[in-house]
Amino acid sequence: MIEIIALGVLQGVAEFLPISSSGHLVLAQNMMGVNAPGMRLDIFLHVGTLVSICVFYWRVIWRIVSRVEWDYALKVIVSAVPAVVVGLGCKEFLDEAFESSLMVGCALIFTGCVLIVSRFMRRGQGEVTYWKALIMGIFQAIAITPGVSRSGMTLVAAHGAGVEAERSAEFSFLMSAPLIAGAAAMEVLKSLKAAGEAAATAPETSWGLCLLGAAVAGIVGYWALKFLLRSLKSQWFWLFGPYCLVAGAVALLLS
């Protein structure tokens, strides 16, 4: 149970703060002996953070649905295209990357450098356009690599494109929702297809513990979102950069 709670906290914090949840999972495995989550638990942890996004931005989601704001919805779809293309086209490479502490360490250092560079970017006041949504989507695709922070890449991209801080955070996390939901759906289909083989080789975490992990990830994720918004408004978002440099150096030492 302690391991499940630890994974839930890790997922909730690192999924939203620009420090890479995948990179920190590798560090947790090496430093604390925390095992990688099974397929079922991994799905639940991501669904937990997806729920926290929906709760945090429920007014925006309700506005989009109730007023049928196709323009905003299409921008989210446009932003998702690059990640879908990269995810499907580079699956073998990504599977290998998740096993490499060396690659994760380099990716964390890259994330840290990008975040530090954002310190010198001029603060924008603009809205998200289709072109800016595509730019954020390209940076989101780069962040499929474990150790590269999705939130960090998309928020820096928005910052560089002149999008206002609160608007950039809103769009960054809403654009992740269909990807998280899609990835979870794919994992469910894969688990159903290989249910017999998985049961024989690697028993899954119980449903009760999976629900616990999802609840912890959702609650922690909600507060991580609030903390991230405060960092964006206060202009000390870039300070996550030095942390990523240190985390990347530790990952390299462990590789």
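What follows draws every value from the coordinates through simple rules; no lab data is involved. From a predicted model like this one, the values you see are computed outputs, not experimental measurements. So basically every Cβ, Gly included, is an ideal-geometry build from the backbone, and we count neighbours across all protein chains shown.
The 3J(HN,Hα) values that the Karplus relation (6.51, -1.76, 1.60; θ = phi - 60°) gives for the range 78-85 are, in residue order, 4, 5, 7, 4, x, 5, 5, 4 Hz. Gly and Pro appear as x.
For the chain, the longest principal axis of the C-alpha atoms and the axis of helix 165-174 are separated by about 40°.
Between the helical axis of 150-160 and the longest alpha-carbon principal axis of the chain there is an angle of about 10 degrees.
Here the ratio of the Cα radius of gyration of the chain to 2.2 N^0.38 Å is 0.98. In a fully extended conformation the segment linking Leu211 and Phe93 would gain 39.4 nm over its present Cα-Cα distance, using 0.36 nm per residue.
Scalar couplings 3J(HN,Hα) for the range 67-73, obtained by applying the Karplus form with A = 6.51, B = -1.76, C = 1.60 to θ = phi - 60°, are 9, 6, 7, 4, 4, 5, 4 Hz; x denotes Gly and Pro.
By other beta-carbon atoms within 10 Å, ranking Thr205, Thr145, Thr154 with the fewest at the front produces Thr205, Thr145, Thr154. Lysine pair count for the range 2-254 with Cα-Cα distance under 30 Å and sequence separation of 8 or more or different chains is 10. Remark: relative contact order (the range 2-254) = 40 percent; criterion is Cα-Cα distance under 8 angstrom and separation of 6 or more residues.
Ordered by the number of other Cβ atoms lying within 10 Å of each residue's own Cβ, fewest first, Leu41, Leu155 fall into the sequence Leu41, Leu155.
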